[in-house]
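Here the structure comes first, spelled out in structure tokens, and everything after it is commentary.
The values are calculated or read from the model by the stated rules, or taken from the named source; none is laboratory data. Remember, it's a predicted structure, so these values are computed and weren't measured experimentally. Reconstructed Cβ throughout: ideal geometry from the backbone, glycine too, with neighbour counts over all protein chains shown.
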Amino acid sequence: GPARLLGPPPYLPGLEELWSPWALLLCLTWLGLQAALYLLPARKVAEGQELKDKSRLRYPINGFQALVLTALLVGLGVSAGLPLSALPEMLLPLAFAATLTAFIFSLLLYLKALLAPASALAPGGNSGNLIYDFFLGRELNPRICSFDFKYFCELRPGLIGWVLINLALLIQEAELRGSPSLAMWLVNGFQLLYVGDALWYEEAVLTTMDIIHDGFGFMLAFGDLAWVPFTYSLQAQFLLYHPQPLGWPLASFICLINAVGYYIFRGANSQKNTFRKNPSDPRVAGELGFLGAMSEMGQLDFQGSPHPAMCLSPDLETISTATGRRLLVSGWWGMVRHPNYLGDLIMALAWSLPCGVFHLLPYFYFLYFTALLVHREDRDERQCRQKYGLAWHEYCRRVPYRIVPYVY
Ligand SMILES: NC(=O)C1=CN([C@@H]2O[C@H](COP(=O)(O)OP(=O)(O)OC[C@H]3O[C@@H](n4cnc5c(N)ncnc54)[C@H](OP(=O)(O)O)[C@@H]3O)[C@@H](O)[C@H]2O)C=CC1
Ligand SMILES: CC(C)CCC[C@@H](C)[C@H]1CC=C2C3=C(CC[C@@]21C)[C@@]1(C)CC[C@H](O)C[C@@H]1CC3
């Protein structure tokens with residue numbers, strides 16, 4: 001039937017269409033496979049941020065390895081006759097099974113948190129209201145031995161599941177129409193690049209709000225295990241049932257949009273990560289003099305002049321804060337206060353454009369993601385204001401726009 005986002009669905013599926021023991025088994029097998037890959041030796045073990053009790057947790061950095069091994073296993077499976085193209089037919093029961101799994105898993109996490117010491121609890125999610133706490137998550141880093149549930153779920157099963165669903169849709173399209181369409185190739189390619197990048201730079205997830213601040217409850221478990229794979233693949237799902245003619249000139253233009261988005265997204269994230277790891281890295285070193293006066297007034301902690309000898313490329317300006325950490329105020333982080341969100345949004349648009357402009361459904365991700373990032377930016381802004389005080393106000397004065405220059 002016609003894809004529609006506005007108005008009620010043409011019919012609501014009954015329980016018999018949602019529930020399938022095979023789908024649940026497949027879902028659990030998938031989680032088991034990803035858990036096994038998580039436990040394999042990692043090229044690196046990274047330390048997380050300092051916790052309340054001054055300790056730091058250790059995390060295996062082997063997400064990209066898990067992606068490559070999954071691709072090899074799926075390749076072997078397909079050449080041995082695994083019917084990957086049957087997956088699209090099972091998406092509804094699979095999404096239901098993933099939601100059920102996330103629900104039961106969150107219940108267990110809630111119960112586990114009852115035994116956790118106070119220092120292990122998240123800043124939010126411990127209000128005493130059962131439903132609220134179940135939703136937000138009580139424990140910050142629930143673990144059994146060294147297996148970290150939140151870190152495991154955050155990227156691997158959902159993001160790798162997403163590109164696997166995309167691939168299954170591409171194969172089914174090829175079976176239906178002789179070969180995959182150009183639009184389907186673009187959507188698969190763009191999203192694989194995004195997922196590959198997230199796993200290649202997996203360590204960056206250790207500094208996100210999700211890991212540092214948020215508890216692990218139903219919201220994140222559902223988001224990671226069910227929402228991401230089944231809604232982020234909507235464009236490829238749409239293309240299977242609504243083939244879109246796409247010529248090379250337009251395809252090239254869309255590739256350019258995705259490349260611009262990726263360039264900004266990766267540039268901004270890498271600039272901040274490099275700076276946070278080593279503030280005197282030659283690629284980002286530098287400091288802004290005007291805050292010296294404020295420092296004398298006791299408002300800011302000014303840390304001295306830059307190190308010109310180390311500066312191989314033009315310095316980026318930074319401002320010091322009372323916490324001892326500095327804020328970048330030029331380069332990508334001098335254009336808007338969240339350049340990485342801007343790049344991410346441009347990419348989101350490029351993922352929808354291959355689906356044409358006559359349906360709203362392929363733009364669902366772009367619209368939802370805009371709302372998510374505006375909300376996320378607002379939360380982050382409040383936390384930074386609290387953490388950095390006057391220095392944050394100065395940053396906002398210097399860089400007045402949040403995500404889109406001259407617009408927002
Ligand atoms: N596809 C998806 O569903 C989603 C994708 N994302 C993407 O993930 C990436 C990470 O996002 P997220 O974790 O929200 O936030 P950010 O990576 O933007 O991190 C925000 C933190 O960066 C630091 N910071 C802010 N301004 C500066 C500055 N000028 N100089 C130095 N440090 C600064 C602050 O922390 P501190 O000072 O403590 O270091 C702040 O709390 C983004 O690219 C985002 O688009 C995020 C959510 C969902
Ligand atoms: C709760 C919501 C409904 C859904 C949230 C899902 C998210 C937790 C993940 C979806 C894509 C993500 C990416 C990252 C973290 C997990 C989420 C946010 C990264 C930010 C990790 C850091 C990398 O540098 C980029 C990643 C992009 C995708």
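Laid out as a table, the results:
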quantity	calculated
Matching residues, region 322-349, being modelled with pLDDT under 95, assigned to a loop (DSSP other than H, G, I, E, B), of a type outside the set (K, R) and within 7 Å of ligand 1 (Cβ to nearest atom)	V329
Helices (runs of 4 or more DSSP H) wholly inside region 105-205 that include at least 3 residues being surrounded by fewer than 20 Cβ atoms within 10 Å (Cβ to Cβ) and either away from ligand 1 (no atom under 16 Å from the Cβ) or not basic (K, R) (or both)	130-136, 161-177, 182-200
Verdict on T29 being among the β-branched types (V, I, T) and more than 22 Å from the chain's Cα centre (by Cα)	yes
Within region 366-393, considering residues that are closer than 17 Å to T231 by Cβ and touching a helix residue (DSSP H, G or I) at 6+ places or on another chain (Cβ under 6 Å), the one farthest from ligand 2 (Cβ to nearest atom)	F366
Which listed residue is crowded, with 17+ Cβ neighbours inside 10 Å and away from ligand 2 (no atom under 16 Å from the Cβ), from C355, C396	C355
